[in-house]
Amino acid sequence: MLWIFEREQESRRIETRFDNTTGEYVLTLLDPGQNPRIERFADAEAFGRYLRALEDSLNTERWTQKGPVLLQDGWKL
């Protein structure tokens, strides 16, 4: 899944996926002009906790989500 957040003239992309080879949940954070930040999680609970904390942080920093809603398990309905 891909989520896009915007703030003023900035944009941030968050990609989530499941790596079938390793059995890990993967989150990639992409900020323009920076190297992607990749986080890997062994289980869905840890992945979900990280996503909720990230979403709270983005809201606090006044990022506005464009597109589908970020769900607890990291996937779109």
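Could you run through the stretch 12-33 and say how many residues are closer than 20 Å to GLN65 by Cα, of a type in the set (S, T, N, Q) and either without any contact (Cβ under 8 Å) to a residue 24 or more places away in the chain or not in a strand (DSSP E or B) (or both)?
Counting residues in the stretch 12-33 that are closer than 20 Å to GLN65 by Cα, of a type in the set (S, T, N, Q) and either without any contact (Cβ under 8 Å) to a residue 24 or more places away in the chain or not in a strand (DSSP E or B) (or both) gives 1.
Residues being touching a helix residue (DSSP H, G or I) at 6+ places or on another chain (Cβ under 8 Å) and either outside any strand (DSSP E or B) or hydrophobic (A, V, I, L, M, F, W, C) (or both): count how many of those fall in the stretch 34-63.
1
May I ask you to list the residues in the stretch 44-65 that are touching a Lys or Arg at 6+ places or on another chain (Cβ under 9 Å) and either surrounded by fewer than 13 Cβ atoms within 10 Å (Cβ to Cβ) or aliphatic (A, V, I, L, M) (or both)?
Of everything in the stretch 44-65, those that are touching a Lys or Arg at 6+ places or on another chain (Cβ under 9 Å) and either surrounded by fewer than 13 Cβ atoms within 10 Å (Cβ to Cβ) or aliphatic (A, V, I, L, M) (or both) turn out to be LEU58, GLU61, ARG62, THR64.
Here are some residues: THR22, THR28. Which one is out of contact with any helix residue (DSSP H, G or I) (no Cβ under 9 Å at 6 or more places or on another chain), of a type in the set (Ser, Thr, Tyr) and either at pLDDT below 90 or surrounded by 13 or more Cβ atoms within 10 Å (Cβ to Cβ) (or both)?
THR28
The values are calculated or read from the model by the stated rules, or taken from the named source; none is laboratory data. In this text, all values refer to a predicted model and were calculated from it rather than measured experimentally. Glycine gets a Cβ as well: all are built from the backbone with ideal geometry, and neighbour counts include every protein chain shown.
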